[in-house]
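Report on the structure given below.
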Amino acid sequence: MAGKTARIDQFLLIHSARADNWREITRLADAWAGGHGKRAPLEAALADLAVVEEFHAYPGGRLLATLAERIATNDAGGTAKLARRISNGLLTHAYRDRAGEWDVHDEMAAGEVADVLPPATGETGLRRPYFEVLFVNSQPAARWPAFAAEIRRLRRPEDAFIYEPVLAGSFEDALCAVALNPDIISVVLAEGFPYRSRHDAPVLRSVLDPLGETEGPDLSALRLSRTLKRVRPELDVYLLSDRQVETIAGDPAADSVRRIFYAVEEPLELHLAILEGVQDRFETPFFDNLKKYARRPIGTFHALPIARGKSVFKSDWIRDLGEFYGLNLFLAESSATTGGLDSLLEPTGNIKRAQEMAARAFGADHVFFVTNGTSTSNKMAVQALLAPGDIAVVDRNCHKSHHYGMVLTGAQPYYVEAFPMTEYSMYGAVPLATIKRALLALKAEGRLDRLKLLDLTNCTFDGHMYNVRRVMEECLAIKPDLIFLWDEAWSGFARFSPFLRPRTAMGAAADLEDWLRDPSSVDAYEKQRAELGDNPSDETLLATHLIPDPSRVRLRVYQTNSTHKSMSAIRQGSMLLVKDVDFHTVEAQFHEAVFTHASTSPNQQLIASLDVARRQMELEGYGLVMNAIEIALKIRRAVNSHPLISKYFRVLGADEMIPEAYRQSGFQDYLAAGSTWGTVLKAMREDEFYLDPTRMTLVCGTAGFDGTQFKGLLANDYDIQLNKTSRNSVLLQSNINNTRSDVAHLIRVLVEICRGIEKRLADGGEGERAAFAGRVKSLMTDVPDLPNFSHFHEIYRGDAGKATPEGDMRAAFFNAYDASICEYVPLNGAECDKRLREGPEMVSANFVIPYPPGFPIMVPGQVLTQETIDFMRKLDVKEIHGYEKARGLKLVKPEAVLAKAKRRARAER
Ligand SMILES: Cc1ncc(COP(=O)(O)O)c(C=O)c1O
């Protein structure tokens, strides 16, 4: 049961373990009723659950008291029936829709089969979404049932939602309830509650410790409100005070409170405010209007004949399209931007509002909805923030959209390298020292003013999360107006986890903003300045955790995320988030970027899904993300501890994904012996890189499969889809949609595959075993070295600095259009070797991007080295963008480029 150990997954498991715990209680009760079990273990199991149950509305005090009474009166049969009903209720969520579920009657007999379909499935009629409200108060616990009944009496038939109260009597209990119960989405604080919980349960500590909360002198409701919002920013908090509410309302600390009431003067007003607060998050301005639009009898005299579906449903030949997707899709199709719809390119109505609500939800100042994926969001951001000749420090390993963005704008990329993970043929993330070195090198060349942007991927495909705040802090100490673009294509969901949020662009920007507002930041800066002196050496600057000058910092942070990758948006739904104090200076450029990249026929369903994804995350994102993390921890544990699976497969831990030097806290892994919440939190706060638990690198080379082969096997034979592979691994991702059944399926499949390997090795004799060992060795040890970016050819260096590597990639890119100045050299021929040995240098005309690993091995204008060619030759992947095997490497001929330029200059004279 929960609460006994300090295992790190414990906190995340407490919520979901409830269903298991109630199943166990049902089993114990059945055993007792059937005469083959005792009462004591049942009582002990219930006692273990007691504290956690207090933080949830269902089954609630009345049903729990009835259960306790039946046990006390030795009514084993009645106990078993009620335990079963509670357990089924928790599984099906029936209590959310059926008032009778809360009553003490109408129970199923032991052994009767429960209706396990959620009540909403197959039922028609209006369903009111259900949620829970935490009331933190100082009334004696004995009065809570009456208090809860008073709250329930406020319900009206016309209420759009229905809620149940959860009561808590202290700061600690309130924090536990909000952390453990994701159904709580509003909180009412009545001043006067104590700090300490009335319980002395280990479960409390296991929740509070990870949240880092300790008793301090300030016990006010405002402090609790701030703390709760730090854990879950999307919560609505209401404050009831019998002090001077006018004064409290004027306190800047009251920003975290949605509304302040004078005591319980107006219970109905409070009830209405709670419902309105939920409505405010539930509302989806664009989607709501699209539904209204679809219901209207609209005649269309514009393009898009598919709209309204008449051309589909009247057709003998394409009717199945309509039947497959349903009428609503066609009713909701339109090419109009009027009549209740809005224009994505120039939003003034409901898209504008939907974007503003998304900004609120994701902690940004502005949001742009993008309907062509983060591939487009990145190009938009790069185009809007950079002009020709500007320098951007860029992870060479980043998604191709950034590189193409640089080509579009004519900015000069200064490529920096991520740490290599050669044994798995993948890259990690870019060390802070590398980034600082780049900034200092530009400074030394007097080119820091040309540097505009730092462009990084967070988290990386494989799950490396930066210490975002530290990177920004230290870079701002060198260049106070540097702009940051964080490509969080994979990690948009991370906003909704209190543990991952500080490592997101918006989370870190908010923390930095708080720090900048705090007067002590100036002291910290001044102290460090005095220590470093006027002219600190680069070595000193590299060795110091630099503090920026708060008076000079311009905090300019951008984030892009593929909402479709981690939330409930339709494929290609993406957002571009802005938190930039100087946004007004680039706003026009962003509009130009929208005009450049957004289709003039954006898909309505995509926009609607972005709106709805935001609604979902604000109302249930916390629980969904907690579930995704928990599923990941379960998979990690199940794979690595299974005696058969772990013989052939393993999920890499943080210690294998991140070199020791970047794990300053000494953190090993979630599953390592001795890992506790304390060690995890220390790692989260301090380590240069942190591993997102939901991204699991499963090594399959040790089972004799390369990544592509294993991905194919899982998809074709077992209906398991995954995305990324490397030479000897595949990437498993847990998501907000995963269930424990998915984990069970995966584990069964891995067991089956392992049994197959065992049988093959046993049946095939020595020959088979030697072949297997050879295959494993080839996959696991004969791995190619990962090539670093070499350098741009001199003719593409333009006005670059002497010791800095930036270059004019755009010129090289467009030179590739002119066949007369390009050539092809076969990758595997003798000519390639000769050119490497004797020259002339080979200069890539294209981006060459193999999948996997999916980053450009060559960029336009890059000089090819032995390293690059060796890597290309060892690649055994089918898909290499920018490379035609039949023709060879496409190269530009620098001397031909120069000759052409001379000819042109002469002609112009
Ligand atoms: C880091 C990163 N950025 C951006 C993208 C592009 O996102 P989208 O597929 O939404 O266009 C990807 C896609 O895999 C990615 O891995």
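The values are calculated or read from the model by the stated rules, or taken from the named source; none is laboratory data. If you're wondering where the values come from, they're calculated on a predicted model, not measured in any experiment. We place every Cβ from the backbone using ideal geometry, glycine too, and count neighbours over all the protein chains shown. The area values use the complete protein model at the heavy-atom level, side chains included, leaving out ligands, DNA and RNA. Shrake-Rupley method; radii C 1.70, N 1.55, O 1.52, S 1.80 Å.
Would you call Ala358 touching a Lys or Arg at 6+ places or on another chain (Cβ under 7 Å), of a type in the set (Gly, Ala, Ser) and crowded, with 20+ Cβ neighbours inside 10 Å? Write out each step before concluding.
On the way: touching a Lys or Arg at 6+ places or on another chain (Cβ under 7 Å): yes; of a type in the set (Gly, Ala, Ser): yes; crowded, with 20+ Cβ neighbours inside 10 Å: yes.
In short, yes.
For a quick check of your reading of the model, give me the residue pairs whose first member lies in region 178-197 and is of a type in the set (Phe, Trp, Tyr), whose second is assigned to a loop (DSSP other than H, G, I, E, B), with beta-carbon atoms closer than 8 Å and at least 6 apart or on different chains.
Cβ pairs passing all conditions: Phe193/Asn137; Phe193/Ser138; Phe193/Gly169; Phe193/Ser170; Tyr195/Ser170; Tyr195/Glu215; Tyr195/Leu219.
Within region 569-590, track down each residue that is away from the ligand (no atom under 11 Å from the Cβ) and open to solvent by 60 Å² or more (accessible area, probe 1.4 Å).
Listed by number, the residues that qualify are Ile570, Val581, His584, Thr585, Glu587, Ala588, Gln589.
Pull up region 827-847, narrow it to residues that are of a type outside the set (Gly, Ala, Ser) and within 18 Å of Arg396 (Cβ to Cβ), then point me to the one that is surrounded by the most Cβ atoms within 10 Å (Cβ to Cβ).
Val843
Take Tyr404 and decide whether it is within 13 Å of the ligand (Cβ to nearest atom) and out of contact with any Leu (no Cβ under 9 Å at 6 or more places or on another chain).
yes
Quick one: how many residues across region 465-501 are within 14 Å of the ligand (Cβ to nearest atom), part of a strand (DSSP E or B) and of a type in the set (Phe, Trp, Tyr)?
Counting residues in region 465-501 that are within 14 Å of the ligand (Cβ to nearest atom), part of a strand (DSSP E or B) and of a type in the set (Phe, Trp, Tyr) gives 2.
Residues in region 848-859 that are touching a Gly at 6+ places or on another chain (Cβ under 9 Å) and open to solvent by 10 Å² or more (accessible area, probe 1.4 Å): how many?
Residues meeting the conditions: 1.
Which residues, counting only those in region 433-454, are part of a loop (DSSP other than H, G, I, E, B) and open to solvent by 40 Å² or more (accessible area, probe 1.4 Å)? Step through it out loud before you land on a result.
Just the residues of region 433-454 that are part of a loop (DSSP other than H, G, I, E, B), to begin with: 445-447.
Answer for region 433-454, where residues must be part of a loop (DSSP other than H, G, I, E, B) and open to solvent by 40 Å² or more (accessible area, probe 1.4 Å): Glu445, Gly446.
Keeping to region 649-677, report how many residues are closer than 28 Å to Leu512 by Cα and either out of contact with any helix residue (DSSP H, G or I) (no Cβ under 7 Å at 6 or more places or on another chain) or among the hydrophobic types (A, V, I, L, M, F, W, C) (or both).
Within region 649-677, residues that are closer than 28 Å to Leu512 by Cα and either out of contact with any helix residue (DSSP H, G or I) (no Cβ under 7 Å at 6 or more places or on another chain) or among the hydrophobic types (A, V, I, L, M, F, W, C) (or both) number 11.
In this structure, is Ile645 within 19 Å of the chain's Cα centre (by Cα) and either on the phi > 0 side of the Ramachandran plot or not hydroxyl-bearing (Ser, Thr, Tyr) (or both)?
Criteria not met by Ile645.
Can you tell me which of (1) at pLDDT 90 or above; (2) not in a helix (DSSP H, G or I) is the one Thr5 doesn't meet?
Among (1) at pLDDT 90 or above; (2) not in a helix (DSSP H, G or I), the lone unmet condition for Thr5 is (1).
Please enumerate the residues belonging to region 447-464 that are free of Cβ contacts under 8 Å to residues at least 60 places away in the same chain and either over 26 Å from Trp490 (Cβ atoms) or more than 16 Å from the ligand (Cβ to nearest atom) (or both).
Correct list: Leu448, Asp449.
Which is charged (D, E, K, R) and within 32 Å of the chain's Cα centre (by Cα), of Asp876, Asp870? Reasoning before the result, please.
On the way: Asp870 fails: within 32 Å of the chain's Cα centre (by Cα).
Only one candidate qualifies: Asp876.
Collect the residues in region 375-391 that are open to solvent by 40 Å² or more (accessible area, probe 1.4 Å) and within 11 Å of the ligand (Cβ to nearest atom), keeping them in residue-number order.
Ser375, Lys379
Report the residue count in region 874-898 for those that are open to solvent by 40 Å² or more (accessible area, probe 1.4 Å), free of Cβ contacts under 8 Å to residues at least 40 places away in the same chain and either of a type in the set (A, V, I, L, M, F, W, C) or touching a helix residue (DSSP H, G or I) at 6+ places or on another chain (Cβ under 7 Å) (or both).
1
Among the listed residues Ala336, Ala364, identify the single one that is more than 30 Å from Leu485 (Cα to Cα), part of a loop (DSSP other than H, G, I, E, B) and among the small types (Gly, Ala, Ser).
Exactly one residue qualifies, and that residue is Ala336.
With the condition kept exactly as written, say whether any residue in region 679-686 is in contact with a strand residue (DSSP E or B) (Cβ under 8 Å, 6 or more places away or on another chain), more than 21 Å from Leu644 (Cβ to Cβ) and in a loop (DSSP other than H, G, I, E, B). Give the steps one after another, and end with the answer.
Going residue by residue through region 679-686, those that are in contact with a strand residue (DSSP E or B) (Cβ under 8 Å, 6 or more places away or on another chain) are 683-684.
Now drop any that are not more than 21 Å from Leu644 (Cβ to Cβ), which leaves 683-684.
Going one step further and asking which of them are in a loop (DSSP other than H, G, I, E, B), we end up with none.
Among the residues of region 679-686, not one is in contact with a strand residue (DSSP E or B) (Cβ under 8 Å, 6 or more places away or on another chain), more than 21 Å from Leu644 (Cβ to Cβ) and in a loop (DSSP other than H, G, I, E, B), which makes the answer no.
Matching residues to (1) free of Cβ contacts under 8 Å to residues at least 24 places away in the same chain; (2) of a type in the set (A, V, I, L, M, F, W, C); (3) surrounded by fewer than 17 Cβ atoms within 10 Å (Cβ to Cβ); (4) in contact with a helix residue (DSSP H, G or I) (Cβ under 7 Å, 6 or more places away or on another chain):
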residue: Pro693; (1), (2), (3), (4): no, no, no, yes
residue: Cys700; (1), (2), (3), (4): no, yes, no, yes
residue: Asp706; (1), (2), (3), (4): no, no, no, yes
residue: Tyr718; (1), (2), (3), (4): no, no, yes, yes
residue: Asn728; (1), (2), (3), (4): no, no, no, yes
residue: Thr739; (1), (2), (3), (4): no, no, yes, no
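Out of Val416, Val430, report the one residue that is in contact (Cβ under 8 Å) with a residue 24 or more places away in the chain, within 16 Å of the ligand (Cβ to nearest atom) and open to solvent by less than 10 Å² (accessible area, probe 1.4 Å). Full working, then the answer.
Details: Val416 fails: in contact (Cβ under 8 Å) with a residue 24 or more places away in the chain.
Matching residue, one of Val416, Val430: Val430.
Which of (1) crowded, with 21+ Cβ neighbours inside 10 Å; (2) among the hydroxyl-bearing types (Ser, Thr, Tyr); (3) in contact (Cβ under 8 Å) with a residue 60 or more places away in the chain; (4) within 16 Å of the ligand (Cβ to nearest atom) is the odd one out, the single condition Thr504 does not satisfy?
The single condition Thr504 does not satisfy is (3).
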